Structure formats: C-alpha cells, structure tokens
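First up is the structure itself, then whatever we jot down about it.
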Number of protein chains: 2
Amino acid sequence: MTEARRRRIEEVLRRRQPDLTVLLENVHKPHNLSAILRSCDAVGVLEAHAVNPTGGVPTFNETSGGSHKWVYLRVHSDIQTAIGHLRELGFRIYATALWEDAQDFREVDYTGPTALLLGAEKWGVSEEALALADGAIQVPMFGMVQSLNVSVAAAVILFEAQRQRLKAGLYEKPRLDPELYQKVLEDWLRK
Amino acid sequence: MTEARRRRIEEVLRRRQPDLTVLLENVHKPHNLSAILRSCDAVGVLEAHAVNPTGGVPTFNETSGGSHKWVYLRVHSDIQTAIGHLRELGFRIYATALWEDAQDFREVDYTGPTALLLGAEKWGVSEEALALADGAIQVPMFGMVQSLNVSVAAAVILFEAQRQRLKAGLYEKPRLDPELYQKVLEDWLRK
Ligand SMILES: C[S@@+](CC[C@H](N)C(=O)[O-])C[C@H]1O[C@@H](n2cnc3c(N)ncnc32)[C@H](O)[C@@H]1O
Ligand SMILES: C[S@@+](CC[C@H](N)C(=O)[O-])C[C@H]1O[C@@H](n2cnc3c(N)ncnc32)[C@H](O)[C@@H]1O
C-alpha cells in the first residue's frame, strides 16, 4: 500500500453517498450487472442491492469485475425483504418503468435518500415491486424501440442524481458517519 | 401495415435529429453496440457511424437487435475517412476521453451539429482520433474504477444532448428536409 493509494482511497471514501443506491430485481446478465456497479462506483454509491442477481444460482459469483470490489452488493432473498430493508433505512424507492404515467426522471429530487429500482432485461420491474415502490420514473424515449438497456437506464438516472448532488454540495464533505467511515476504510485498505 | 403503425413511424421520424450522431471507433462487443444503438434511437439519432465495429470481420453482421433496424449504421474504412465525412457534413466532433483536461460534458452545447466519438472497451479513443477531434469531453467520476462502460458513457452524454434539445424545441418540428424525410419514411414503411 503506497501513500498515494491510501490518499486515493480516502478521497473516494470522502465522496461516497450512503443515501444513494440501486435495487436490482432479477438483473441477470453479468455485463449489465458489471456496467451498473461501475456507474454506481462513479457516482458514489456505497452499497448496491439486488434480488436474485444470478438468475437462481444460489452462490453469488464474481461477475462484475473491478467495480464489484468497491461497491458492496447486498443480496436479499426476495423483493419485499429488499424494499422493507431500504424503507427502514429511510430510502424513497423509485421504480423505473416504461409506464405512461411514470414521472419524467428529470423532475425528481435525488438529493434525499434515494433507491432506484431496476427491472429484469426481459420483464422489467415486477408488478409486486411497482406496487411497493414510492413512485415510478422514466427516461423519455423518442424512438421506435420500447426500452433502454437496463444499465443505460440506471446510468442516465444515476448521473442526474450526481448532477443534483454536485450542485447541492453533497460531494464536498464526508457523508459517512465516522464509525462507518473507519470500518469501510479498513476494509478497503485490505483490498 | 396498420394505420396506427404508420402514425407511430411518422411521429418518430418527425423527431429524428439528423445533426446528432455517434462515431464508434473499434467498439466490438455486440451488447455494447446494441445498447448504444438503442440509446441513439431513443434520443433521435438518424444515422450512427462506426469504424471496425466487428473487430475485423469484414461483413457487418446483425448483432444489434431491433435498434439497428431504426438507426442506420454507416461503417467507414478508417477513422480519418469517418471524421472527414462528418466534418464535411458540418459536425463538431467531440472525443470522449478520460483525460484530465477533457471538458466536463455538462458544459458543452449539443444543440448544434454534434458527433460523439467513443472508443474501444480496452484502449479507448485512439491518439490519432483524439488529435483529429474538435474537443474532448468527459463524464465526471468520483470512484475507484477508471472508466465507465462505453455504452453507459455514450448514453449519459446522449441524454444530456436530449435534455438540451428538448429545451431548445428541436423535437417539436421535423428536422429532416422534405426529400430525406420522404426517402427514410419509404424505407421505414417497408420494415
Ligand atoms: C429492457 S428494460 C425491460 C423492458 C420490459 N419489456 C418492460 O416492459 O419493462 C429493463 C429495465 O431497464 C429499465 N429501463 C429501460 N428503459 C427505461 C426507461 N426509458 N425509463 C426508465 N427505466 C428504463 C427499467 O428498470 C427496466 O425494468
Ligand atoms: C472502457 S472505456 C476505455 C478505457 C481505456 N482504458 C481508456 O483509458 O480510455 C471505453 C470508452 O468509453 C468512453 N468512456 C468511458 N468512461 C468515460 C468517461 N468518464 N467520460 C467520457 N467517456 C468515457 C470513452 O469513449 C472510452 O473510449
């Protein structure tokens, strides 16, 4: 561990946003999972959440490359448990959906505790999850194709959150409480 | 061809942006190419450009699913030819790069003729292409990982262009000249 690396780790940790996350429902393709975790890392997500990320393979296998190293991934047994967990932590949960009545994603405030619920490549967010979410948002599309790639949709919304959080000064001082900061720092220094 | 489908096709065509495009330099992975063309379709790109999209396989094989159907892909023999072609059409070419001195993508105006140059998964935009481009832009990253997935970077910038073009009213009336509009309409109606 060089001094430069330690400084870099601390710099990144000081910008982590414990109140911004994603919840992936049945997002199975490794390249999508990997791309989403890379975007999460870039906007400061500390821990991402998933239900059934490997399509039924019970042990989570490392498919997400380097990004998975720096974004914790918490796997929940089912969508109710996952949403219950996030709600208890105070998150507002926005389902991303192609519904006509879903709100334009640019009209939503992401500076408060926000979890973005993303759905499976084939089926989208389940009706059950949609019903449990606090709201539904969409990225406007003007083309012939019905939906975006899931990692693209995630990124477009996450970087809008980054834009808002930059403006609100949320990357300027540490957002993790000192105890959690220390715990994560020790873990990262071992990587 | 139902009347509803024809109406949908015309509605999409009226929003096509002939002066917004991407130039893909050695973007080989089919899932990235596919995701990029899907995003292009959603923001109104009429024709995308590529150099060596299949990693040396001489015939272009259909890897991009439905999106490829609605976004023309023009393959150029090399990067100079591609950039020369776009420049002749009046495009400003922005290389996307992880350079420290690349401009923040949010500070750039995408309402004029704009081509986004995107690089290979492994190597990024070539030095040759960077030197030929009009400017370099980057998406700010605050994490440990060095770069975004190429389809993610493309989408984040394309949807910023969409945001600016919405604001500028560029989706409100047809942007294709009547002759081109008619030609594309006839082609699309046959699909
Ligand atoms: C390929 S889409 C699923 C398509 C599925 N046929 C449906 O109707 O929902 C996979 C996921 O990407 C996200 N997504 C795709 N396009 C989106 C858009 N325009 N706005 C918001 N989320 C989108 C959603 O999370 C969606 O569940
Ligand atoms: C995986 S990156 C290439 C990484 C390569 N090692 C490099 O240093 O350029 C693939 C492409 O995605 C785009 N890209 C990735 N992250 C970006 C960012 N933060 N800003 C702008 N473009 C980015 C660029 O077009 C880049 O060439």
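Segment A:157-189 and segment B:90-143 have Cα centres lying 27 Å from one another.
Between B:TRP99 and B:GLU121, what length comes free when the chain is fully extended (0.36 nm per residue of separation minus the Cα-Cα distance, one decimal in nm)?
Working: separation 22, 0.36 × 22 = 7.92 nm, distance 1.57 nm.
Extra length available between B:TRP99 and B:GLU121 comes to 6.3 nm.
Computed extension gain for A:LEU180 through A:THR111, at 0.36 nm per residue and net of the alpha carbon distance, reaches 22.8 nm. Scanning chain B for long hydrophobic helices, with DSSP H runs required to stretch 24 angstrom or more by C-alpha along their axis and to average at least 0.0 on the Kyte-Doolittle scale, returns B:150-167. What the Cβ-Cβ distance of A:ASP134 and A:SER77 gives, at R0 = 25 Å and to the nearest 0.05, is a FRET efficiency of 0.70. Given R0 = 45 Å, the distance between the Cβ atoms of B:ARG87 and A:LYS191 translates into a calculated FRET efficiency of 0.50.
For the cross-link pairs A:LYS69/B:LYS122; A:LYS29/B:LYS183; A:LYS69/B:LYS29, the ones whose C-alpha atoms lie over 29 Å apart are A:LYS29/B:LYS183. Scaled against the 2.2 N^0.38 Å expected of a compact globular protein of N residues, the Cα radius of gyration of the protein assembly as shown reads 0.99.
With neighbour counts taken as other beta-carbon atoms within 10 Å, the residues B:VAL43, B:VAL139 rank, fewest first, as B:VAL139, B:VAL43.
Counting Lys and Arg as +1 and Asp and Glu as -1, each charge on the Cβ, what is the dipole of the protein assembly as shown about the Cα centre in debye, to the nearest 20?
On the way: 46 positive and 50 negative charges, 23 e Å.
The calculation lands at about 120 debye.
Taken about its Cα centre, chain B carries a charge dipole of roughly 980 debye when the Cβ of each Lys and Arg holds +1 and the Cβ of each Asp and Glu holds -1. Quarter the surface of the alpha carbon convex hull of chain B and you get the mean projected area, 11.3 square nanometres.
For B:LEU166, the label point sits 7 Å beyond Cα toward Cβ; its separations from the matching points on the remaining copies run 1.9 nm, from shortest to longest. The antiparallel fraction among DSSP beta bridges confined to the protein assembly as shown stands at about 5%.
Of the chymotrypsin sites (Phe, Trp or Tyr not before Pro) found in segment B:60-165, those that fall in a DSSP loop while having at most 10 other beta-carbon atoms within 10 Å are B:TRP123.
Laboratory data are not the source of any read-out in this text; all were calculated from the coordinates shown. It should be emphasised that the depicted structure is a prediction, and the values quoted were computed from it without experimental measurement. Glycine also receives a Cβ, built like all others from the backbone with ideal geometry; neighbour counts cover every protein chain displayed.
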